[in-house]
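Structure record follows, encoded as structure tokens.
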Amino acid sequence: MKLKRLLTMLTVFAMAAVLAGCATSAPAAGSQGGSSEKQDSGSDAAGKTYKIAYVVRDSGSIYSQYITDFNEACEALGVEPVIISYENDTAKWPDALENAVTMGCDAVYSWPDDQAMADYAGSYYKQQGIPHCSMGIDSADADFTLLGDQVAMGNALGEQVAAWVEANLGDEPFEWALLEYTSAEHVAARSQAMEDKVTELCPNGTQVAALEAQTLDEGMNQTENLLQLHPNVQVLVCCEDTAAMGAVEVFRAAGKTGDQYAIFGACFGDQVGNAIIRGDVYRESIAFDKFGPDVVENLVKLIEGETVEHEVYGGFIPVTAENVREVMEMFDYEVIE
């Protein structure tokens, strides 16, 4: 049974803001552009290169692999990518979507944080007649949606936690807590699956808290609160790696490092990979597999008048100390020794 949260805090829609200064398609402050090389598959009969926008949560966050993946997919097809970062401010979501139109984009790939945002984007681009893919949250008006199996992802991380506990803590009793993310239904399913699987597979563990945390600051603040009330916590399971990285700093400052302590998270990124390599407290994560090619190829098909399936599913990769360098290389991340 899910424990009552120790704290109630305002949930910030952390993943929905836009960089307001994007006015041209050239890479500039707050935007990133890819190769200008043109290929037949990314242009129309007159030779005009297609331009596709990716409206992202934060271009400077640990989720930068999604941007890299998208840019590489665009380059492979001769498409011009446009990155619009809304910098975790939901109030800028409508402007973010409009910026893609103002910049003359032929299609848009958007990353909403909740159902209302997904539906707003789907309706807006349908009215504009612009092909649109929604990332993570389905909308009836979106041309298609990129989905991940959040329950399977949560179960996988729960199994990773259980394996680490068995190897490092054995049958000894231990306390653990969850940094969850419940404001978005699809991610809430991942949180619940993590919680349920750890509870199932770690009978010697006692869950002492479930706290809402999505951002780096929230991860730090909630972990500080957690340790004040439950100083014996050894394992922290996080639904989002951004929050997990905040928790890592608090565990380190509290001296909770070494083989008896562990933090786990999901979504991965270069900072997470290097933290796993460091090996002091951040143990394992889950990375989404590269799905940029599927998204860009389907958007090009829609631009050219073809039809596509409404649901496109992306896979994920469990990241451990054993394969982290390989995953870092796959995403072209720098390893900092």
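The values are calculated or read from the model by the stated rules, or taken from the named source; none is laboratory data. This one's a predicted model, so the numbers in the text were calculated from it and none came from an experiment. Note: accessible area is taken over every heavy atom of the protein model, side chains too, but ligands, DNA and RNA are not part of it. Shrake-Rupley method; radii C 1.70, N 1.55, O 1.52, S 1.80 Å.
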Fill in the blank from the handout: Scoring the range 115-169 by relative contact order with C-alpha pairs under 8 Å, at least six apart, yields a percentage of 25
Problem - When the range 280-337 is reduced to its Cα atoms, the Kirkwood hydrodynamic radius in Å - result: 13.8
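Per residue Cα convex hull volume for the range 201-277, in cubic angstrom?
Values: hull volume 7.6 nm³, N = 77.
Cα convex hull per residue, to the nearest whole number: 99 Å³.
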Practice task
List the aspartates and glutamates whose Cα lies under 16 Å from the Cα of Lys256, skipping any in the same chain that are fewer than 8 positions away.
Solution key: Glu175, Glu224, Asp280
Exercise for the section: Let me know the Rg and Dmax you get for the range 117-249 when you use only its Cα atoms, in Å. Expected result: 17.8, 60
Completion exercise
Mean separation of Cα contacts under 8 Å (at least 6 apart) over the residue count of the range 69-217, i.e. the relative contact order in percent, is 17
Completion exercise
For Cα Rg over 2.2 N^0.38 Å the list reads (1) 1.09; (2) 1.02; (3) 0.93; the calculated value is entry (2)
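Where Rh is the Kirkwood radius over the Cα pairs of the range 136-181, the temperature 10 °C and the viscosity 1.306 mPa s, what D in µm²/s does Stokes-Einstein return?
Working: Rh = 13.5 Å.
Here the translational diffusion coefficient equals 117 µm²/s.
Out of the total accessible area of the range 87-174 (probe 1.4 Å, heavy atoms of protein only), what percent is carbon and sulfur?
Details: 1520 of 3420 Å².
Here it works out to 45 percent.
Take the alpha carbon atoms of the range 187-337, find their radius of gyration, then divide it by 2.2 N^0.38 Å using N residues; give the quotient. Can you show the working numbers first?
On the way: Rg = 17.8 Å, N = 151, 2.2 N^0.38 = 14.8 Å.
Rounded to two decimals, the normalised Rg is 1.20.
If each DSSP helix of 4+ residues adds -39,500 (n - 2.57) and the sum is divided by the residues in the chain, what number results at 222 nm, nearest 500 deg cm²/dmol? Write down the numbers at each step before the final one.
Working: 10 runs with 129 residues, N = 337.
Using -39500 (n - 2.57) per qualifying helix, the result is -12000 deg cm²/dmol.
According to the square roots a ≥ b ≥ c of the eigenvalues of the Cα gyration tensor, what is the shape class of the range 185-244, taking rounded for a/c under 1.5, prolate for a/b larger than b/c otherwise, and oblate for the remainder? Intermediate values should be presented prior to the final figure.
Details: a/c = 2.39, a/b = 1.07, b/c = 2.24.
Since a/c reaches 1.5 but b/c is at least a/b, the shape of the range 185-244 is classed as oblate.
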Handout entry: Whole-angstrom gap from the range 133-182 to the range 253-268, using each part's C-alpha centre
Key = 17
Problem - Partner aspartates and glutamates for Lys92 [C-alpha distance under 18 Å; skip if fewer than 8 residues away on the same chain] - result: Asp58, Asp113, Asp114, Asp119
